[in-house]
Amino acid sequence: MEYIFHLAILFSLFAIFAIALDLVAGYTGLISVCHAAFYGIGAYTTALLVQSVGLNFFFALLIGMLLTGIVALILGLVFSKFKGDYYVLGTLGFTYIAYTVFINWQSVTNGPLGVPGIPRPEIFGLSFSNSWSFLILSAIFVGVVYALARFVVSSSFGRVLRAIREDEEAIAIFGYRTSAFKLLIFIISAMSAALGGGLLASYLTYIDPGTFGITESIFVLSIVILGGLGSLRGPVVGALILVLLPEALRFVGFSPDIAAQMRVLIYGLLLVIMMRYRPQGLLGEYKL
Amino acid sequence: MDILPQIILNSLIAGSLYALAAMSFNLIYGVSRSFNLAHGVFATVAAYAVLFLAFHTAIPLPLTITLGILMAVLLGYLLERSIFRPLRLRKASNLVLLIASLGASIVVEALIAIFFSSQFQTLSSLLPPFGTLHILGGTLTDLQAFIIICSVVVLGVFWLVLSYTRFGKAVRAVSDDEEVAKIVGINTNAIIGIVFMIGAGVMGLAGILAGFDTGLEPHMGFILLLGAAIAAVVGGVGNVYGAFLGAFILGFAENFGVFFVSGEWKYAIAFGVLILFLLFRPQGILGKK
């Protein structure tokens, strides 16, 4: 039973990351591979504030999201000028830079050793320390993020985003400042990812730089691409499949090290197969 | 500044490896018009092929290295036939090609990690101990001197082939405009296939040299690819000579940057260079438009 709760929690957290990424990649057409960096910033800020400063988890989470928002604002000012392949290259670069900071800013992040002993959330005497209560908490947050994303994409703002995705020059001619739209959705997406990151840190109770590297960014991208770019149900379905699928390997009996590599292998293979045969994903409406 | 000559030499060594990677990257980009993020695996596969053959068979070293490069060439052919060509024929967008190549890259990387472990391994024990050369107050090993020579030789060969052979003219025609090249009777798919194999071979050479100079780990090719992609953008995407120039600019920026801050910030410096160029000169130094 604990195991099922564990998988359900992982699924919820990756659904949050995937919905967040889909806002940028699926709805706006900007393939970003730096979302692990954003949820990393959220995770580190939340973890450090709770653990070393003793702040309440939810307050720390909020600060983590704000800080991520500020980083996304600065980055977005640069990235909003790029598109297509160059956008991928730029965001790829940021993933490595963020990883470098996590691993080298030892006085704050504790470097490669990571941050152990992160407490579970607590509010008004209510503790989310066991699995089922944490599952309820993450389910609530998935609901909030989903509703927020639904609101964003069905608003007039969301329609402009889709127009940017289809033809940025055309919508710019109508007087929309496309870079402002791209910047804003980038910040919203990064902050949602940071929300999931804070939860992840608290759930795992231990984080290290490896949790937020390029492999994880690609993992989240695989989820969105499998589920379908430009649909909100897509990333949720994608997260369900890609969180559960590698678990099957556990029962086949591979050693943990090999199983971890097999996991990566599956994501990579899925990316290739989806691009080759169904680039719009299972439920997507945006065909790359 | 008695350390200055050494920094310059280090920049040249790093630049030469990037140059091999970036020239082959840009050669392929020129004809296929898409970022091939699987370019790094050619280096990784070649280096691991040498590792495997040298430690598990009795094949002499020069033949091992040749076979390693041939493995990369073969992989280049396979990837082009199984992934890139079908997608090109379907007129898939650049992003589809890019994501597919990223997927292919992590698949090969994971396979290598499964068969050879993700541990850092070295090839240097296969060679006699490196001699050192002293130049203008700095030192480099004879292998490192060989790396620098390799990059210049490959540049020269690319220049000769691209300028003076029928094949080179065809490559340039495809790079200029694939449709027009097809109309005048060039078998563009064959040209692109051969270019993939040549590019993969040169990248394989870079991987083997890097394996002898420092060592191997499954992610090595991807790191080399990132350097190549940055050098390509700096020099001008799709331009082989630009790649050579961009690679040395990157090598110098990294090594002088590392001298002023510290070694751990190498990625940050490299991507800082990339972002500066993307913002202020996206076509690169030798790029057109």
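Sort through A:A180, A:A193 and tell me the only one that's at pLDDT 90 or above and under 30 Å from A:L66 (Cβ atoms).
Details: A:A180 fails: at pLDDT 90 or above.
Being at pLDDT 90 or above and under 30 Å from A:L66 (Cβ atoms) holds for just one of A:A180, A:A193, which is A:A193.
Would you check if there is a residue in the stretch B:72-86 being buried (at least 24 other Cβ atoms within 10 Å of the Cβ) and within 25 Å of B:L140 (Cα to Cα)? Within the stretch B:72-86, none of the residues are buried (at least 24 other Cβ atoms within 10 Å of the Cβ) and within 25 Å of B:L140 (Cα to Cα). Inspection of the stretch B:135-156 finds no residue satisfying the criterion of being surrounded by 15 or more Cβ atoms within 10 Å (Cβ to Cβ), within 14 Å of chain A (Cβ to nearest Cβ) and of a type outside the set (D, E, K, R). Of all residue pairs spaced 6 or more apart or on separate chains, those with beta-carbon atoms under 8 Å, a first member in the stretch B:261-278 that is facing chain A (nearest Cβ under 8 Å) and crowded, with 22+ Cβ neighbours inside 10 Å and a second member that is at pLDDT below 85 and outside any helix (DSSP H, G or I) are B:L278/A:K81; B:L278/A:F82.
Please pick out the residue among A:G90, A:G64, A:G69 that is among the small types (G, A, S), within 13 Å of another protein chain (Cβ to nearest Cβ) and either surrounded by 15 or more Cβ atoms within 10 Å (Cβ to Cβ) or part of a helix (DSSP H, G or I) (or both). Just one listed residue meets the conditions, A:G90. The residue list B:A113, B:A92, B:A104 contains one member that is within 23 Å of B:A54 (Cβ to Cβ) and at the interface with chain A (Cβ under 9 Å from one of its Cβ atoms), which is B:A113.
Could you grab me the full set of residues in the stretch B:227-239 that are in a helix (DSSP H, G or I) and touching a Ser or Thr at 6+ places or on another chain (Cβ under 9 Å)? Steps first, answer last, please.
Initial filter on the stretch B:227-239 (in a helix (DSSP H, G or I)): B:227-235.
Hit for the stretch B:227-239 is B:A228, nothing else.
In the set A:G40, A:G29, only one residue is modelled with pLDDT of 90 or more and among the small types (G, A, S); that residue is A:G40. Residues that are in a helix (DSSP H, G or I), among the aliphatic types (A, V, I, L, M) and within 11 Å of chain B (Cβ to nearest Cβ) are absent from the stretch A:237-257 altogether.
All conditions but one from (1) facing chain B (nearest Cβ under 10 Å); (2) crowded, with 21+ Cβ neighbours inside 10 Å apply to A:Y203; the one that does not is (1). Of the residues making up the stretch A:258-279, just one is part of a loop (DSSP other than H, G, I, E, B) and either facing chain B (nearest Cβ under 9 Å) or touching a Ser or Thr at 6+ places or on another chain (Cβ under 9 Å) (or both), namely A:P279.
Checking B:P5 against (1) closer than 24 Å to B:P218 by Cα; (2) more than 14 Å from chain A (Cβ to nearest Cβ); (3) in contact with a Gly (Cβ under 7 Å, 6 or more places away or on another chain): exactly one of these is not met. Which one? The number of the failed condition is (1). The residues in the stretch A:45-58 that are under 20 Å from the mean Cα position of the chain (by Cα) and surrounded by fewer than 19 Cβ atoms within 10 Å (Cβ to Cβ) can be counted, and the count is 1. Counting only residues that are in contact with a helix residue (DSSP H, G or I) (Cβ under 6 Å, 6 or more places away or on another chain) and within 11 Å of chain A (Cβ to nearest Cβ), which one in the stretch B:25-40 is surrounded by the fewest Cβ atoms within 10 Å (Cβ to Cβ)? The extreme case among them is B:S34. For the criterion of being crowded, with 21+ Cβ neighbours inside 10 Å, of a type in the set (V, I, T) and within 22 Å of B:L98 (Cα to Cα), A:V272 passes. Remark: A:S179 matches the filter, which requires a residue to be within 14 Å of chain B (Cβ to nearest Cβ), of a type in the set (S, T, N, Q) and more than 30 Å from A:L269 (Cβ to Cβ).
Could you grab the pairs with beta carbons closer than 9 Å, sequence gap of 6+ or different chains, first residue in the stretch A:102-119 and touching a residue at least 24 places away in the same chain (Cβ under 8 Å) and surrounded by fewer than 20 Cβ atoms within 10 Å (Cβ to Cβ), second one outside any helix (DSSP H, G or I) and among the β-branched types (V, I, T)? Sorted first by the residue in the stretch A:102-119, then by its partner, the pairs are A:G114/A:I207; A:P116/A:T205; A:P116/A:I207; A:G117/A:T205; A:P119/A:T205.
Given the structure, is A:I19 crowded, with 23+ Cβ neighbours inside 10 Å and at the interface with another protein chain (Cβ under 10 Å from one of its Cβ atoms)? Write out each step before concluding.
Details: crowded, with 23+ Cβ neighbours inside 10 Å: yes; at the interface with another protein chain (Cβ under 10 Å from one of its Cβ atoms): no.
Against the criterion (crowded, with 23+ Cβ neighbours inside 10 Å and at the interface with another protein chain (Cβ under 10 Å from one of its Cβ atoms)), A:I19 does not qualify.
The values are calculated or read from the model by the stated rules, or taken from the named source; none is laboratory data. Remember, it's a predicted structure, so these values are computed and weren't measured experimentally. With ideal geometry, Cβ positions are generated from the backbone for all residues, glycine too; neighbour counts draw on all protein chains shown.
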